[in-house]
Amino acid sequence: MADGKIEVLLSGPPKPTIVDGLAPFTVHRLADAKDRDVLLQEIGPRVRAMAVSVSSDKIGPELMGKLPKLEIVSTFAVGYDHVDVKWAAEHGITVTNTPKVLNEEVADTALGLILCTVREFPQAERYLRAGKWVERAYPLSKATLRDRTVGMVGMGAIGQAIARRLDAMRVPVVYHSRRPAAGVAYRHYPNLVEMARDVDILVVITPGGAATRNLINAEVLGALGPTGILINMARGSVVDEPALIQALKDKTIMSAGLDVFVREPEVPAELIAMENVVLFPHLGSASVYTRTQMDQLVVDNLRSWAEGKGPLTPVPETPWPPRRSA
Ligand code: 8YV
C-alpha cells in the first residue's frame, strides 16, 4: 500500500491478539481471499513478512516462493514442522516460533495425560456417569506411578518441565535424545530401544519432522512390553500410528495416552473404539492464558524485527541476521 507501512501476509484465523498487535502493519488475510492466487499475484511482490496464527497451515515453497521480498515468517507454536525451514534458510528468510511461554502449560497437560492413562481416570469417570458405581466399585487400576520409571523421548525445555514434575512425585526419570542435554543429571540413553526395555512409560516430547518420523516403531513398542504405556505429547508423526494400533490390539503394550495424531483432527476409529487409551484433542498448550502469550509472541517477533532490533525467537535453522545461500 502507499501508506508506507510494512505489508504482512496473515495465514490462519484472525485471532484478536495477533490482529490488534499487527496494527502498525498493513495486514492481508490469506484466509479471507476469494482466490488465493489473485491475492498473491497482487500483493505478493510487496509482502515482507508473514504471520502464521495456526500450526495446521503448511508454509512451503509454493507460498513463500510467491513472496520475493519475504524476510520473516513469524509462526504460532513451538513446533515448526509445518514450515519448510530448510527452504526458508536457503532463501534468507528467518522463521520464528513461540518457545518458552508454553512450557509449563504443556508439562501440566503431560502430567494430566500420564495420570489419566496410568490410573484410568477418564474411564472411571465414564463408569460413574453410566450409573455403574451403584452396582459395583470401579476396578482397581492395574497400573500405578509408584513402581514405574519414565523414559523421556526428548529432553528439551518442555521435557525438563515434565521431568521436574515427576521428580516432585518421586518417579524416576531417564531419557533418550540424540545428544545428552546440557545441565541435565538424568541418565541418558543413546539407544532408544535399550531405554524402552528398561522403562515402564515412554513420554514422547521431541520435535516433529523428517528427523523423528516413526521414531516410535514396532521394535520400540515391543521393547516397552506388555505392562508398558506410551504417552505422546509431541507430534503424531513421531509415532508409527498403525504399529501403535497393532501393539494396543495385540497387548504388546498396556495402553497409550495421546495428545497428537497423524491426521489431526481426524483420529483413527480403531483408537476411539479402544478402552485402554486416553485421547486428548491436541490441547497441550490450550488455555486462554498460554495461547494469548503465544499469539503475543507472534506479534512481538514481527514488531521487534520491524523496529530493526531483530526477531526475538528465531529457530536455530534460520539464525538472525539471515544468511542467503540460494
Ligand atoms: C499448539 C503445539 O497447541 O506449540 C506447539 O508446537 O503443538 C501446541 O502448542 C498446536 O500448535 C496447536 O495447533
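The values are calculated or read from the model by the stated rules, or taken from the named source; none is laboratory data. All of these numbers come straight from a predicted model, not from anything done at the bench. Heads up, the Cβs are rebuilt from the backbone with ideal geometry, glycines too, and the neighbour counts pull from every protein chain shown. What goes into the accessible areas is simple: the full protein's heavy atoms, side chains included, and nothing from ligands, DNA or RNA. Shrake-Rupley method; radii C 1.70, N 1.55, O 1.52, S 1.80 Å.
If you go through segment 267-283 and keep only what is touching a residue at least 24 places away in the same chain (Cβ under 8 Å), under 25 Å from T227 (Cβ atoms) and open to solvent by less than 90 Å² (accessible area, probe 1.4 Å), you end up with P268, E270, L271, M274, N276, V277, V278, F280. Number of residues in segment 240-263 that are on the phi < 0 side of the Ramachandran plot and either modelled with pLDDT under 95 or part of a loop (DSSP other than H, G, I, E, B) (or both) equals 10. Of the residues that make up segment 115-125, is at least one touching a residue at least 12 places away in the same chain (Cβ under 8 Å) and part of a loop (DSSP other than H, G, I, E, B)? Yes, segment 115-125 has at least one match.
State whether the residues of segment 312-320 include one that is within 14 Å of the ligand (Cβ to nearest atom), buried (at least 17 other Cβ atoms within 10 Å of the Cβ) and either closer than 21 Å to V27 by Cα or polar (S, T, N, Q) (or both).
Looking through segment 312-320, at least one residue is within 14 Å of the ligand (Cβ to nearest atom), buried (at least 17 other Cβ atoms within 10 Å of the Cβ) and either closer than 21 Å to V27 by Cα or polar (S, T, N, Q) (or both).
Residue by residue through segment 94-111, note down the ones that are part of a helix (DSSP H, G or I) and touching a strand residue (DSSP E or B) at 6+ places or on another chain (Cβ under 9 Å).
As a first pass, look at segment 94-111 and keep what is part of a helix (DSSP H, G or I): 103-111.
Answer for segment 94-111, where residues must be part of a helix (DSSP H, G or I) and touching a strand residue (DSSP E or B) at 6+ places or on another chain (Cβ under 9 Å): just A110.
Restricting segment 267-293 to residues that are part of a loop (DSSP other than H, G, I, E, B) and within 14 Å of the ligand (Cβ to nearest atom), the residue that is nearest to G236 (Cα to Cα) is H282. Does any residue of segment 303-310 turn out to be open to solvent by less than 60 Å² (accessible area, probe 1.4 Å), within 11 Å of the ligand (Cβ to nearest atom), in contact (Cβ under 8 Å) with a residue 24 or more places away in the chain and not acidic (D, E)? The answer is no; no qualifying residue exists. Within segment 84-108, residues that are within 20 Å of N232 (Cβ to Cβ) reach partners that are among the small types (G, A, S) and away from the ligand (no atom under 16 Å from the Cβ) with beta carbons closer than 9 Å, at six or more positions or on different chains, in the pairs A107/A163. Does segment 246-266 contain any residue that is in the same structural domain as C116 (by TED's automatic domain parsing), open to solvent by less than 30 Å² (accessible area, probe 1.4 Å), of a type in the set (G, A, S) and within 16 Å of the ligand (Cβ to nearest atom)? Scanning segment 246-266, I find at least one residue that is in the same structural domain as C116 (by TED's automatic domain parsing), open to solvent by less than 30 Å² (accessible area, probe 1.4 Å), of a type in the set (G, A, S) and within 16 Å of the ligand (Cβ to nearest atom), so the answer is yes.
Can you tell me how many residues within segment 192-250 are of a type in the set (S, T, N, Q) and within 22 Å of L111 (Cα to Cα)? Counting residues in segment 192-250 that are of a type in the set (S, T, N, Q) and within 22 Å of L111 (Cα to Cα) gives 4. Return the residues of segment 58-74 that are open to solvent by less than 20 Å² (accessible area, probe 1.4 Å) and in a helix (DSSP H, G or I); say none if nothing qualifies. Within segment 58-74, L63, M64 qualify. Any residue at all in segment 189-208 that is part of a strand (DSSP E or B) and over 18 Å from L113 (Cβ atoms)? Yes, the conditions are met somewhere in segment 189-208. Considering every residue within segment 75-84, establish whether at least one is within 12 Å of the ligand (Cβ to nearest atom), within 24 Å of the chain's Cα centre (by Cα), open to solvent by 60 Å² or more (accessible area, probe 1.4 Å) and not polar (S, T, N, Q). Yes, that holds for at least one residue. Checking each residue in segment 227-245 for being more than 14 Å from the chain's Cα centre (by Cα), buried (at least 20 other Cβ atoms within 10 Å of the Cβ) and not charged (D, E, K, R) picks out G228, I229, L230, L244. Among the residues of segment 251-272, the one identified as out of contact with any strand residue (DSSP E or B) (no Cβ under 7 Å at 6 or more places or on another chain) and under 24 Å from N191 (Cβ atoms) is T252. Taken over segment 13-57, residues that are under 24 Å from V85 (Cα atoms), open to solvent by 50 Å² or more (accessible area, probe 1.4 Å) and β-branched (V, I, T) amount to 1. Among the residues of segment 110-118, is any in the same structural domain as T206 (by TED's automatic domain parsing) and within 13 Å of the ligand (Cβ to nearest atom)? There is at least one residue in segment 110-118 that is in the same structural domain as T206 (by TED's automatic domain parsing) and within 13 Å of the ligand (Cβ to nearest atom). Residues that are under 19 Å from H82 (Cβ atoms) and part of a helix (DSSP H, G or I) within segment 300-317 comprise N301, L302, listed in sequence order.
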